[in-house]
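A short write-up of the structure that comes next.
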Amino acid sequence: MSDWQKTTWRTKPRVQMPDYTDAEALSAVEARLSKYPPLVFAGEARSLKKALGAASRGEAFLLQGGDCAEAFDQFSADAIRDTFKVMLQMAMVLTYGAKVPVVKVGRMAGQFAKPRSAPTEARDGLELPSYRGDIINELAFTPEARIPDPAKMLQAYTQAAATLNLLRAFSTGGYADVHQVHAWTLGFTEGEKAAKYRDLANRISDTLDFMKAAGLESDTNHNLRTVDFYTSHEALLLEYEEALCRVDSTSGKWLAGSGHMIWIGDRTRQPDGAHVEFARGVLNPVGLKCGPTLSAEDLKVLMRRLNPSNEAGKLTLIARFGAGKVAEHLPRLVRAVREEGAHVTWVCDPMHGNTIKSGSGYKTRPFDAVLREVREFFSVMNAEGAIPGGVHFEMTGQDVTECTGGVYAVSDEDLSDRYHTACDPRLNASQSLELAFLVAEELTA
Ligand code: PEP
Ligand code: MN
């Protein structure tokens, strides 16, 4: 990788990035960030890569989830705890279904920058630059709020550091104990509506009872008390990513120190563009969103560029086509992977192809469409003889009303009750857990 440097992305065409007007302020922020400690360490990124390699072979299963966009004004310990908690519940249900370890990766501690479908937004005769995430500008619809401000990168770094600190504490401090996680899940299956999930929950209870009887207790078994929880985000704002790049002293390679895994969005995956250029040089596992416009040829180029040594676990392909469209697009990409003999981890994002405008005017996603895309993904993978390696959800542990449907049937009219997302609609806690039960069924089938 002798022709790569953390700055070479600057020579490539860039899209979806802000034009900062105050160059001096930008340099000052970059200089400060580049002296701050990295948020993650190379050994952790390598462990995640190994786990994702296992997922590529069907020996593990990835659960990646979290907010569409983290927001400064929604930053709280409770919100972090609740998302962490529901992800652990989902992971337990999925582990039981898949009978393999579940690799847990949050869209957390860095998921701040957003690509947008249009550069500007018009409302009541006023046209302003689009909101691009709290690390860039502000959601408020005023000209001042929409000016990109480099100082926001420092606030994002601080929030990411505090988030990761809490996640690390929850992961190892006893909060993640397997018995506790299961007790939470039993609460969900108690109601009449969730009765159909009780059977699986009871089977998990039996397994835990058996383990206890056999002396496999969590106070003596570290694996039952702690979890490995990783962070990820879209590496969109490359000034931030570059400033947090660090050399790994063990291997001499470059680490994106902003999170364990980074991904390239569906709008920034141009093979000759800045985002691919940045991602190709770091040792972290890299995700690539694969939408309907991705051709087999481009995928081949991208795989060679992003994973030149064909390392298992390095590249995760995140399919996001929309319910009803998976069979049209996924087979050509699965075949391209096979023709290249490439090692990749195939993951389903059933969120981004299923966004609609509800009758009440809110951007939403119907639970049924999300589930349908997951099922189509599994069916194409099976038909093509490829391995479904995981799922990627926009979700929160909070009781929001942003996606419609689920056992506690959120309706179009309910959306206005607790619609808090700064960007795309998320599954709430019960919808997320329900989906995990349904994915577990797919994995057991
Ligand atoms: C996202 O993950 O929030 C996103 C913008 O996805 P995509 O790039 O797949 O549209
Ligand atoms: Mn999103």
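Ellipticity at 222 nm from helices only: DSSP H runs of n ≥ 4 in the chain, each -39500 (n - 2.57), divided by the residue count, give -12500 deg cm²/dmol.
Students often get this wrong: which residues of the stretch 244-279 have the backbone nitrogen under 14 Å from the point 7 angstrom along Cα-to-C-beta of residue 50? The answer is none, because no backbone nitrogen lies closer than 14 Å to the label point. Taking a Cβ cut-off of under 13 Å around residue 45, the surrounding Lys, Arg, Asp and Glu residues balance to a net charge of +2, with basic ones at +1 and acidic ones at -1. For the stretch 108-238, what relative contact order do you get, as a whole percent, if you take Cα pairs closer than 8 Å and at least 6 residues apart? Answer for the stretch 108-238 is 29 percent.
Please identify which residues in the stretch 318-348 have an amide N closer than 15 Å to a label point set 7 Å out from the Cα of residue 301, following the Cα→Cβ vector. Within reach of a label on residue 301: no residues.
Note on 15, 374: ascending count of other Cβ atoms within 10 Å places them as 15, 374, the fewest first. Once the chain from residue 144 to residue 35 is taken as fully extended at 0.36 nm per residue, the excess over their C-alpha distance is 36.3 nm.
Among the listed pairs 6/289; 50/104; 289/314; 152/253, those whose Cα-Cα separation exceeds 20 Å are 6/289; 152/253. Can you tell which of 236, 159, 68 lies farthest toward the positive end of the dipole of the chain, using +1 and -1 charges on the Cβ of basic and acidic side chains (Lys, Arg; Asp, Glu)? Farthest towards the positive pole: 236. Taking a sphere under 13 Å around the Cβ of residue 26 and counting the other residues whose Cβ falls inside, with K and R at +1 and D and E at -1, yields a net charge of -4.
Using the Cβ of residue 241 as centre and a radius below 13 Å, the other residues enclosed give a net charge of 0, where K and R count +1 and D and E count -1. For the chain, the residue among 31, 346, 307 whose Cα projects farthest onto the positive side of the dipole built from Cβ charges is 307. Using C-alpha pairs under 8 Å with a sequence gap of at least 6, the mean separation divided by the residue count of the chain gives a relative contact order of 22 percent.
Expressed in nm to one decimal, what extension gain is obtained for the pair residue 121 and residue 216 from 0.36 nm per residue of sequence separation less their Cα-Cα distance?
28.5 nm
Label-to-label distance for residue 205 and residue 8 is 5.8 nm, based on points extended 7 Å past Cα in the beta-carbon direction.
Only the coordinates and a few stated rules stand behind these numbers; no lab work does. Small disclaimer: the values here were computed from a predicted structure and weren't measured. Ideal geometry is used to build each Cβ from the backbone, glycine not excepted, and the neighbour counts take in all protein chains shown.
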